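Here the structure is laid out as structure tokens; the discussion comes afterwards.
The values are calculated or read from the model by the stated rules, or taken from the named source; none is laboratory data. Predicted, not measured: the structure shown is a model, and the values here were computed from it.
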Amino acid sequence: MDFGSFLAHCESTFQRMAEEFHSAPGSPAVGESFSLRHSHIFNLGDDENVRSVVNELIPELEMDASEGIPMPYLDISEVSKLDGRWVLDRVVQVCTGQEKTKNMFLAYKRTIHDGLILADGVKLYDCFTFVRIEEGGAEPLMWTGFRTNATKGRSWGWVIDVLYPGSGSTLLYQGSALEQTLANNSSAICLQTTFISHPMNYIVKVTPALTSKEERKVQAGKKTPIPKSPHFIVIDHDVLVSMRPCGNGGTHASPVPHHRRGHWKRLSERCKFARMMGKEKVFVKSAYVGDRWFSDGKNLYEVLL
């Protein structure tokens, strides 16, 4: 199964889950809110490679996420390969601290603090809804994770509310084997999400080229096929340079993409007004230098900051 086929499988799974929630007593219609079209899809490639890099950066990532997980988008689907099988981990930020925001997955549930009693000294950092779908027919899982500072031997403490299977459940699982597994998964997914925003990474939007038939359908008002949906990749500078069709070369007019650090620039003698104000230099902010868009014929790439 390739990446596009797995996305189509996940979309059909989300549709089935939406239908089951729609038919559950007391649950309002969720419509297309489960659809991958509402999420930002990241193709992270081989999960073992991602985990090895994440493990090396755990102290730094935990510090970055100490007060809140840095998410480039509020709804992210992270797709990777684990032991040769595709896995999708979807994470949706529900709220941070005491802030309560509407969320597609919790619209039919209780408010975030109803029924949740925390021990003295335990701080609620933030809350996420997670979904895991695996290639191979395993039952999908959906749960809400309340991240706390109660570590219990882990990076963070978690209070887990299982939403699927058993969509009508309001039971909070604490201390069970299921809670332990989902708590570990929650920590791993949050660290992986934090890694996406790490300063050494570039986020690149990938838009697959459509066939002539697909283009005609889209122009006629049809939706882009899920396997051809735009998605994102996370790469470092060396990989970004190697992806460009022109290879490693570059000119002053069209330089090789690189991140230019912030630096002080000395003002020329012609900047008379600035010098009259006592300024001799100005700080130039860090910036991405190079073409943001390029194509290899199969995909259009856009480098995002």
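For residues that are under 30 Å from N201 (Cα atoms) and of a type in the set (A, V, I, L, M, F, W, C), scanning just region 18-46, find the one that is modelled with the lowest pLDDT. The residue in question is F34.
On inspection, F273 qualifies as modelled with pLDDT under 90, part of a helix (DSSP H, G or I) and not acidic (D, E).
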